[in-house]
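The values are calculated or read from the model by the stated rules, or taken from the named source; none is laboratory data. Remember, it's a predicted structure, so these values are computed and weren't measured experimentally. Cβ sites come from the backbone with ideal geometry, for glycine too, and all protein chains shown count toward neighbours. For the accessible areas, the whole protein counts, side chains as well, though only heavy atoms, and no ligand, DNA or RNA atoms are used. Shrake-Rupley method; radii C 1.70, N 1.55, O 1.52, S 1.80 Å.
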Amino acid sequence: MALLRLRCEIAKKAHRRFDVDVDANSPYIGATWELQGETAFHLLLEQLCLVPAFDFWLRMLVLFETPAGFAIFKVLDEGKLSKVEDLWKDFSTSELARQVVKLKAFSKFDNTAEALSAATLLIDGKPSKGLRKFLRAHCEGETLAVADSRLGNAIKDKLKIECVHNNAVMELMRGLRSQLTELISGLGVQDLAPMSLGLSHSLSRYKLKFSPDKVDTMIIQAIGLLDDLDRELNTYAMRVREWYGWHFPELAKIVQDNIQYARAVKLMGNRANAVNLDFSEVLAEEVEAELKEAAVISMGTEVSDLDLANIRELCDQVLALSEYRAQLYDYLRSRMNTIAPNLTALVGELVGARLIAHGGSLLNLAKQPGSTVQILGAEKALFRALKTKHATPKYGLIFHASLIGQAAPKLKGKISRSLAAKAALAIRYDALGDGQDNSMGLENRAKLEARLRVLEGRELGRSAGSIKGKPKIEVYDKDRKKGAGALITAAKTYNPSSDLVLRLGGENNVEKPASGQEESHLKKRKHEEVELMAAEAEGVEAREGEESEKRKKKKKKKAEIEVETENNEVNIEYEGEKLVEKEDKKSKKKKKVEAVVDSDEPALGETPQETSIKEKKKKKKHKEVEDGGNQDDQEQKETEKSSKKKKQKNRE
């Protein structure tokens, strides 16, 4: 049987030419087809009965990365990939795994540096140069299964190789990883484990050393240590003051600075030595003279040499910590100028470092908006304000920036908002930009200072009377009622006709009235004014009399209330005395009533109107006395009932 060559033109996203051996008697000899898609290609093969012959062209290749190099496996049975759930059974043993896949090619790494560079590129989803050469040599015109979809897209764009990534491929990768040493000859477990460990260590070191100048972890640690040092220094300095204060208490008021105090104590020791010592290197001349005078007349106790030695050692600790703090601050300033120069130019070294430490890292801080940067550090106050429905805070850590400190209290909120917005831009530029200068930060700082001056100018203009700064001239309004110093009532106009002219000297110095009518008019006006003045005086006297009567009545009521309370207290003390006191009260009340009745008789020389008024007043007093008596009787009954109940309880 003769075999002839059958040529098929198949367009599967790109035209490919295949040569097939068929029987000489086949009716398809000399025919040429141009088919679109993979399904048409399968139909052709089924018609030709050549599916087994074309099977090896349709088989998939698998790209697998190892610490030793790249491996390409050929899938021998694609039908098993359709059953993803049972695929792990085919890789349970090495014999079953060899029936599914077979090693086609392997590209070995020459050294650790090549392996590290290839691994870092694969993490970013990019193929290395060696991988591209390897794929061009062995995967031309084939379908490639990859573990990363980003890597597959890059290979497809650059090498024009079809890539596949799905659940079946991921399950196949797991099976290959479990039987890797059996499928690749010459790669043992004892070699693979050290290679993977060394590559992982190199990769982690590379990530840390990727940008050593941009590592903000050092800033976070430095600012944390600086705050701890400040707390410790304060504690130690106060301990020195308290300890040495028993020997020389006046020194604490003379020397205010903690470092100068520690140096003076270390140099002086016993206060008796202060007169003969020179403190010019430590203190100013005036302070030195005051110290020597106070040392002579000090009221402190005597201290032994052993105690002074321990105090001096504590002073050495304070001075050593202060020197180390100065070095740490210089280090922090240099690191901030390197890592975040624009942020440092805007808010300063300490505030910028605290913002980075609070955010976790410079990159995390760059993801925050300006509104978050503004209140960063005031989270507790923010949530308390939201819970209690009060005003939210306007600033957090950014409050300690110099720009906000320069602003007036009314403008701190506006400046903090503007500064936070510019700081957010500076942080993003420092974290993600390539520049190392602080030009952006200096430019934004100049803009903020100009805005602060504009806002302060507006405030000055408003206080002067207008927005533009020019004083605004207002027309006088006599009936105006606005403002603290404004008029409450309308202003009275001046009446020149009410002036009195005194005649001094002769007739030449005084103007004479024109006629008799004018003189009579002036006299009437003066008479009316005098009457008004007299009426006003009488009204004032009447008001004062009414007020005095009211005060007297209030005093009488208070006195009566006090007497009643005293009587009630006496009634509660002893039951035997109650009856006597009740009788006395009743007799007193009767006497009062009789006196009121006796006084009802009219006096001689009184008019009937006056007598009627007096009778009405006496009736009112009589009623008040009777009402007061009834109230007293009720109170006495209530006290008796309560005392009886108490006795019954005690008996029970």
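Of note:
- Label point distance in nm, residue 384-residue 76, each placed 7 Å from Cα along Cα→Cβ: 7.4 nm
- Normalised contact order of the range 70-167, rounded percent, pairs of Cα under 8 Å and 6 or more residues apart: 23 percent
- Solvent exposure of the range 215-324 amounts to 58 Å² per residue of accessible area, where only protein heavy atoms count and the probe is 1.4 Å.
- Accessible surface of residue 243 - all protein chains present, 1.4 Å probe, nearest 10 Å²: 100 Å²
- Solvent-accessible area per residue for the range 340-459 (1.4 angstrom probe, square angstrom): 51 Å²
- Accessible area (Å², 1.4 Å probe, nearest 10) - residue 102: 130 Å²
- Heavy-atom accessible surface of the range 60-208: percent carbon and sulfur, 1.4 Å: 52 percent
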